[in-house]
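These notes are about the structure you will find just below.
The values are calculated or read from the model by the stated rules, or taken from the named source; none is laboratory data. Please read these numbers as outputs of a predicted model, since none were measured by experiment. Note that each Cβ is placed from the backbone with ideal geometry, even for glycine, and that neighbours are counted across all protein chains shown. Surface accessibility is based on the protein's heavy atoms, side chains included, excluding ligands, DNA and RNA. Shrake-Rupley method; radii C 1.70, N 1.55, O 1.52, S 1.80 Å.
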Amino acid sequence: MTARRVFLSYSREDATVMKELVTQMQATRYDEHPLEAWHDLDRQDGIEAGEDWMRRLKEEIVACEVFCIFLTANWAKSNNCRDELTWAEEANKRVVQIQVRETAIPRPKASRVPNGAAWIGADMSEASRGRRDELWRGVVKEIQRIGSRETAMAGGGETGQAQPQAVAAVKDFDALCEAIEALHAYKRFHDSVHDLYDRNYKALQIEVALGAIATRTRAECRTSIELARADIQTAFRDKGELLKDDAERIEVLLKGIEDFRTALAAAPTLQDPEKLDAFLLALLDFGSLLSRSLSYFNRRMILASKNFNPKRFMESLQNVLDEQQKQRKDELVRWAELTDPECGLLYEHSALQANQDNLMTCEPDELDGARKRKEFIDGWPRIVKQMDPLLKLWTTTPADGRLDEDTQEKRKLLPPRFTAVQETVASSAEPLDAEHLKALKRCYGDFWDTFDKYFLGVDKALKGEYERIEMEMERMA
């Protein structure tokens, strides 16, 4: 079987969680295309001391079939992790993001994960510690499903050829949105600086020339400067990743505003020429700083606007809308499969629940008593009739792929074990001897144990499917 290579992109702070997934990948039994995880800490195939780690990472990303992100706050803050994502996008790799819910996840824009990435939720909170193996099995199965789907698309035909173009269009849309974000940020900076220049610098110049620097005016000026400084700090924090090349200019502007605010707070009276001269020098410095900042952010705004192409944006936006519509259709198909009145998981769950209620009244441990034994044998045809639709379903259709391996095995065992009980009941004529009674108890016990475990497996799969569909629909909305 050909292995499917999976590159794991993670922050070192999340190494423990990453290794849990690797362990589960290694422990999983695969019918075809086993998953082979690669990460830099791998003892056998990881990055060795002194090796050119950047070159090795790029090679492994190019060689992988699926690029997996452990999307946590730590990952979003790591420059190395974001570089890995960039290389994966350049190599047109299928990106899968695993969101570990116990961590604080940044907003999608801040995380820089592309809109086209597949998404898997994994609730690894403290409350789930007792069933983490089960949760990781679900993650491995989902990665395998996504990888299989991607391979099928790449195999040829019209669908396979169209997919790379759709992904490229979505990435292009993200780049255009980033240009718009930068344009808005520079416009906000420009407007804040322009407001400071007009409302404060020019007003103070006039008041100094008229000899009318009043306490009320200084107080108003200090308030507006403080608000402008807060706006600039907020914009820089929100758009920090986009504006990282402008950090030095913004810090100079903020320091200059703070220096002038200090000078304004100690504004002199006109009766002290030396202090007035010092204040006038501070005022001139402030005006010069604002003028330079206006020119700088105006140039940056023009450059940002050149990176935005309205026509290309509309085309890319349409591609994104088409992709979202396709995803919604896929989800509707999954809802239809889930709620199929003849063979869906929801149907099986309802039928199993009804049958379980009847089977609960038949206790094989009570078959020693003649009355109880007679009630069991007399009531068995009713159970057979109720089980018949399920037995036909289990023998004529394959097991739902959303069931785990153990539950699918239980499904295969149910028809023969039920038949064994049926045959044993048919041969149990009165008086019932000890050997027949022992065989009947054993057959019924085996069937009930399998039936109960299968019921629990379907219940788990049903809840997991509901949760995944709801989360994916919420994400798409």
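A few points about this structure:
- Among the protein heavy atoms, those of SER305 account for about 50 Å² of accessible surface (1.4 Å probe, every chain in place).
- Exposure of CYS343 as accessible area (Å², to 10), given a probe of 1.4 Å and all protein chains: 60
- Residues MET301, MET360 ordered from highest to lowest accessible area at a 1.4 Å probe: MET360, MET301.
- Heavy-atom accessible area ranking, 1.4 Å probe, most first, across MET314, MET54, MET471: MET314, MET54, MET471
- Measuring with a 1.4 angstrom probe and ignoring ligands and nucleic acids, LYS244 comes out at about 130 Å² accessible.
- Model label points for ASP83 and ALA230, set 7 angstrom from Cα along the Cα-to-Cβ axis, are 3.9 nm apart.
- Calculated FRET efficiency, GLN408 to ALA91, Cβ-Cβ distance, R0 = 35 Å: about 0.50 to the nearest 0.05.
- Under-5 Å amide H pairs with ASN92, H placed in peptide plane, nonlocal only: none
- Taking all protein chains together and a 1.4 Å probe, the residues TRP53, TRP448 rank TRP53, TRP448 from largest to smallest accessible area.
- Calculated FRET value between PHE308 and ARG56, using beta carbons and R₀ = 35 Å, to 0.05: 0.40
- Hz values of 3J(HN,Hα) by residue in region 380-388 - Karplus curve (6.51, -1.76, 1.60), Gly and Pro given as x: 4, x, 5, 5, 4, 4, 6, 7, 3
- Modelled label reach - ALA399, point 7 Å along Cα→Cβ, region 439-471 residues with backbone N closer than 13 Å: 450-451, 453-459, 461
- Computed label-point distance, nm, for sites ASP330 and ALA219 using a 7 Å Cα→Cβ extension: 6.2
- Label-point separation in nm, ASP357 to ALA175, each point 7 Å along Cα→Cβ: 6.1
- Using a Förster distance of 56 Å, the FRET efficiency for TYR30-GLU251 (Cβ separation, nearest 0.05): 0.55
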